[in-house]
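S.K.: Quick one: structure below, then a few questions.
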Amino acid sequence: MRARRWGGAMAVLALLAIWTPARAQTLVADLSSHLIAITTGFTGTDVVLFGAIDQPGDVAVVIEGPETSQTVRRKDRMAGIWINNETLKFSHVPGFYGVASNKPLDALLPPAVAQRHEIGLDHVRMLPRADVDAATVAEFRAALIRNKQREGLYGTEVGEVVFLGQRLFRTSISFPANVPIGLYTVSVYLIRDQDVVGAQTTPLAVSKIGFSADIFDFAQHNGLVYGLLGVLLAMGAGWLAGSVFRKG
Amino acid sequence: MQIYLPIAEMSVNVFWVLGLGAMVGFLSGLFGVGGGFLMTPLLIFIGVPPAVAVGTQANQLVGAGVSGVMYHWRKRNVDVKLGLVMQAGGIVGTVLGVLLFGMLQRLGHIDLVISLSYVIFLGGISGLMLMESVRALFRGRRKGATRGKLHHHTWLHGLPFKMRFPRSRLYISVLLPVGIGFIGGVLVAIMGIGGGFLLVPAMIYILGMPTTLVAGTSLLQIILTTAVAAVLQAATNHTVDILLAMMLLIGGVLGAQLGSRASGYLKGEQARALLALTVLGVAVKLAVDLVLTPDDLYSITTTAGPK
């Protein structure tokens, strides 16, 4: 179990080592931390991204969580009660998505460019796993985003990138307690004249650490033993309670 | 103080969960039932995924059952033979229930089935209990009920494979306790409840057991059934959160002690009427949720990748 977590940490280091700015020197950015540790006391956290640009322009930041498959179901009323009916599956859906910029996105980029770089909630990549008409896809896609927003995993609004002077910028990214574990990518884009002229990607790992991680790993990989231990623990607690309150 | 639940994957306030356990424990001590029927909907209500609520609840009930049986054991109110025979049906029911649970989860109907089972079982039984206790309250005013035979003979007593249960002074077909245990097992797996409120009347009215032995014996069968359910849910569906179960257990045990002391101040019929009203309230709330138009018609489930 420990080895697997170290493996994750090593992957982050390896990515850090090979990452180079796309167009050297136009843009430099980094995170206050490259690891979010979910410990027993975890209630969510903020990560600060800061950076500098060496030429005038605007900045957009996109945070994408690990890819997942999502099943979206629509309820219909049958015999008076609401029952899940129509279903559409999406693959390659980021488990977490956030975006921030120093100006409104539609003022910065035309939709085609935003689409290419997946900047903005309208452009998050998610692939429908069935041949259905565009209207249905759009409807289920909107529902998926709405549900993710309710869970706090997709940003409801564009975050603010703040410039400190001409060159330095910073923004803060909030992660809720239910943030999915895995490898995240934080992409920073330098935008000028309605186009992306520089980009940099930096990794961020979200990982369970310590007691809660040990329990999770154990439950996932030794389900039967975990279940048996859980029952023994419950029996022990019940027996203890029954003995302590014997006189009562 | 916040604590992160590793399986439910959410952060909860420790004192909140302990309080929840204590409150349900108090009610279960007061009425002499397991309390699973209150705990599972409450857990879902505070945001625990339904599947995790059911799995965790099965584990929690094992502990609650053990301390309950110890209490009845000291008073010699447990029919071990009958409990074990019921258990045989219980294990089969649990295994089938857990498989069914996994299948419904994949089809996306598990939440609906959990809610519907609650509405049907809780609504039906609490309605009957309420009528019964209201009638008893009126009769009590009018003066002593007549004492009938020990039990009436019906077609149920004509079933084959008869067996003697000396402790309960019964000579009945094993199919009856096995069948009751089977239904109990399915309920544990799908609804996360011990099913005491269903088993107890069934043991009194269908088996014709002496009422003094019913509580202890049903608890004995509940321990083993919930234990099997908890292990299977952990092994196949990964839905048992030990941390959550332990917190509920600690709160529940303390609450149950207070509750059983408070029960001395309540008359039997009054307690039953109150219990019936509580159960009916839960059932009505769930029924209304099924019928009302939900805020969002769409729901999502993560089917692959990190949750």
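Taken together, the values in this text are just the output of simple stated rules run on the coordinates, not laboratory data. Source: prediction; values computed, not measured. Cβ atoms come from the backbone with ideal geometry, glycine included; neighbour counts cover every protein chain shown.
S.K.: Based on the alpha carbon coordinates of chain B, what radius of gyration and maximum Cα-Cα distance (Dmax) apply, in Å?
M.R.: 19.6, 67
S.K.: So for chain B, averaging the separation of alpha carbon pairs under 8 Å that are six or more residues apart and normalising by length, what relative contact order in percent results?
M.R.: Details: 485 pairs, mean separation 122.3, N = 307.
The value is 40 percent.
S.K.: In a GNM of chain A with a 10 Å cut-off on Cα contacts, which of A:Val137, A:Val59, A:Val28 has the highest mean-square fluctuation?
M.R.: Ranking A:Val137, A:Val59, A:Val28 by mean-square fluctuation puts A:Val137 first.
S.K.: Continuing with the same structure: Under a Cβ-only charge scheme (Lys and Arg +1, Asp and Glu -1), can you give me the dipole magnitude of segment B:187-307 about the Cα centre, in debye to the nearest 20?
M.R.: Using only the charged Cβ atoms, the result is roughly 360 debye.
S.K.: Put +1 on the Cβ of each Lys and Arg and -1 on the Cβ of each Asp and Glu in the protein assembly as shown; which of B:Val12, B:Ile206, B:Met86 then has its Cα farthest toward the positive end of the dipole?
M.R.: B:Ile206
S.K.: Can you return the aspartates and glutamates within cross-link range of B:Lys81? Criterion is Cα-Cα under 18 Å, with same-chain partners fewer than 8 residues away left out.
M.R.: Result set, ordered by chain and number: empty.
S.K.: Would you look at the GNM of chain B, springs on alpha carbons closer than 10 Å, and say which of B:His72, B:His238, B:His109 moves the most?
M.R.: B:His109
S.K.: May I ask you to list, by number, the DSSP H helices of chain A whose Cα span along the axis is at least 20 Å and whose average Kyte-Doolittle hydropathy reaches -0.5 or more?
M.R.: Taking the DSSP H segments of chain A (at least 20 Å long, mean hydropathy at least -0.5), we get A:2-18, A:134-150, A:223-244.
S.K.: Further question: If you build the Cα gyration tensor of the protein assembly as shown and take the root of 5 times each eigenvalue, what three semi-axes come out, in whole angstrom, biggest first?
M.R.: 55, 24, 20
S.K.: Taking chain A as a Gaussian network, where each spring joins two C-alpha atoms under 10 Å apart, which residue of A:Ala100, A:Ala112, A:Ala143 fluctuates the most?
M.R.: Highest fluctuation of the listed residues: A:Ala112.
S.K.: Output the 0 to 90 degree angle, nearest 10, between the alpha-carbon long axis of helix B:242-262 and the longest principal axis computed from the alpha carbons of chain B.
M.R.: 40 degrees
S.K.: Using only Cα atoms, find the angle between the long axis of helix B:268-291 and the longest principal axis of chain B, and express it within 0 to 90 degrees, rounded to the nearest 10.
M.R.: Helix B:268-291 sits at roughly 40 degrees to that axis.
S.K.: What does the net charge come to around B:Pro210 if you take all other residues with beta carbon closer than 11 Å to its beta carbon, with K and R at +1 and D and E at -1?
M.R.: Spelling it out: positives minus negatives among the neighbours equals +1.
S.K.: Quick check: net charge around A:Val158, other residues with Cβ under 13 Å of its Cβ, Lys/Arg +1 and Asp/Glu -1?
M.R.: Local net charge: -4.
S.K.: Give the Rg (one decimal place) followed by the Dmax (whole number) of segment B:1-144, computed from C-alpha coordinates and expressed in Å.
M.R.: Both quantities, over Cα of segment B:1-144: 18.3, 57 Å.
S.K.: Please average, across the residues of A:78-89, the number of beta carbons from any other chain that are within 10 Å of each residue's own beta carbon, and give a whole number.
M.R.: 4
S.K.: Based on other C-beta atoms within 10 Å, arrange B:Glu269, A:Glu157, A:Glu64 from fewest to most.
M.R.: A:Glu157, B:Glu269, A:Glu64
S.K.: Taking all pairs of different Cα atoms in segment A:2-207, averaging 1/r and flipping that mean, what Kirkwood radius in angstroms comes out?
M.R.: 18.5 Å
S.K.: Can you grab the distance from the C-alpha centre of segment B:66-134 to the C-alpha centre of segment A:178-224, Å, no decimals?
M.R.: Measuring centre to centre over Cα atoms gives 42 Å.
S.K.: Out of residues 5 or more away from A:Glu67 or on other chains, whose amide H comes under 5 Å of its own, with H placed 1.01 Å from N in the peptide plane?
M.R.: Here A:Gly95 satisfy the definition.
S.K.: Cβ under 11 Å from B:Pro177's Cβ, B:Pro177 left aside: what net charge do those residues give with Lys, Arg +1 and Asp, Glu -1?
M.R.: Surrounding charge for B:Pro177 is 0.
S.K.: For the residues B:Asp111, A:Asp193, what sequence is obtained by ranking on other C-beta atoms within 10 Å, fewest first?
M.R.: Ordered from fewest to most neighbouring Cβ atoms within 10 Å, B:Asp111, A:Asp193 come out as A:Asp193, B:Asp111.
S.K.: Go through B:Lys75/B:Lys162; A:Lys75/B:Lys285; A:Lys103/A:Lys148; A:Lys75/A:Lys103; A:Lys148/A:Lys208 and tell me which ones have a Cα-Cα distance over 31 Å in this structure.
M.R.: Those over the limit are A:Lys75/A:Lys103.
S.K.: Still on this structure, I have one more. Between helix B:50-74 and chain B, what is the angle of the helix's C-alpha long axis to the longest principal axis, kept within 0 to 90° and rounded to the nearest 10?
M.R.: Approximately 30 degrees, to the nearest ten.
S.K.: Moving to a separate point now. Under a point-charge model restricted to the Cβ atoms of Lys and Arg (+1) and Asp and Glu (-1), what is the dipole moment magnitude of the protein assembly as shown relative to its Cα centre, in debye to the nearest 20?
M.R.: 3520 debye
S.K.: Give me A:His221, A:His34 ranked fewest to most by other Cβ atoms within 10 Å of their Cβ, as a rough exposure proxy. All intermediate terms of the calculation are to be shown ahead of the outcome.
M.R.: On the way: A:His221 12, A:His34 18.
Ascending number of Cβ neighbours within 10 Å: A:His221, A:His34.
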